[in-house]
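Worksheet for the structure shown next.
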Amino acid sequence: MIECLDIVKIYKNGDVETPVLKNVSFKINDGEFVAIMGPSGSGKSTLMHILGALDTPTSGVYKLDDQDVSKLSDDQLANIRKNKIGFVFQSFNLLSRATVIRNVSLPLIYSEVPKEERIKKAKQSLVLAGLPENRWEHLSNQLSGGQMQRVAIARALVNDPSIILADEPTGNLDTKTGEVVLATFQELNNKNHHTIVLITHELYVAQHADRIIHIQDGLIIKDEKNQNKRIVNNDLN
């Protein structure tokens, strides 16, 4: 599903060049749950932007579903983001005065999906994300942090993307609530076979994935099967 081959990213400021990614190569197969872990300044955020079609590499090849994303135009990249990638961010990015249903269905409004179908798909996504039905008509600012993140996960699922890209999804949550949100990703991967890429700087978060790619100073320093996987219960009221 995902293939990165010799990805290089160099930022330029006048005559000054700052290499951020240095010949990064790896593959992620359909249905994998992979964590990309590294400290601040390691290049993981830049890599996330490339995987999410938010940026393009200076050189190298990035393929998503056998399509060379690194060579696409801005409009084509926008279509990739809209149709193939579901984003979950640390800050939730919900409309505070909109209902849960409207927040989840928002990407479908931009895709001009009819209202009845939008509502149906939003409800299906909320079931997958594990948010109780009695919260669906709440405004997002009436929810707990963990519930808001589940709404964000449902929104990421609503377009049936090839990949869910989660960038520090537990960063604004307490440990217990973060564990429940991570359990939601595990359930989506185990039961629904969604491909999930989790970006994090914390080992205990990465240990919820099946595989951990370690990045440091723009280089992949280790790519390993997670032998110490943390399994947690998906139980958020």
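Observations on the structure shown:
- Summary: within the chain, the longest segment free of GluC sites (Glu not before Pro) located in DSSP loops with at most 14 other C-beta atoms within 10 Å is 1-111.
- ASP174-VAL127 FRET efficiency (beta carbon distance; Förster radius 25 Å; 0.05 resolution): 0.50
- Antiparallel DSSP beta bridges within the chain, as percent of all bridges there, nearest 5: 55
- Over 26 Å between alpha carbons, listed pairs LYS44/LYS115; LYS9/LYS63; LYS82/LYS176; LYS9/LYS191: LYS44/LYS115; LYS82/LYS176; LYS9/LYS191
- What the Cβ-Cβ distance of LYS115 and ASN192 gives, at R0 = 25 Å and to the nearest 0.05, is a FRET efficiency of 0.50.
- Per-residue [θ]222 nm for the chain (sum of -39500 (n - 2.57) over DSSP H runs n ≥ 4, rounded to 500): -10000 deg cm²/dmol
- Projecting label points 7 angstrom from Cα along Cα→Cβ for ASP210 and GLU224 puts them 1.9 nm apart.
- For the chain, the Kirkwood hydrodynamic radius comes to 18.2 Å, computed from all pairs of different C-alpha atoms.
- Whole-number percent relative contact order across segment 65-197, with pairs defined as alpha carbons under 8 Å at least 6 apart: 34
- Most fluctuating residue given options LEU157, LEU188, LEU143, as computed from a GNM of the chain linking Cα atoms under 10 Å: LEU143
- Rounded to the nearest 0.05, the FRET efficiency derived from the C-beta distance between ASP217 and ASN79 at R0 = 35 Å is 0.60.
- Per residue Cα convex hull volume in Å³ - calculated over segment 26-158: 135
- For the pair HIS201 and ASP6, the difference between a 0.36 nm per residue extended length and the Cα-Cα distance amounts to 67.9 nm.
- Qualifying aspartates and glutamates (Cα of each under 15 Å from Cα of LYS22; at least 8 residues distant if same chain): ASP6, ASP217
The numbers here are math on the coordinates, done by the rules we state, and not lab data. Predicted model only: the values in this text are computed from it and were never measured. When we count neighbours, we look across all protein chains shown, and the Cβ atoms used for this are built from the backbone with ideal geometry, even at glycine.
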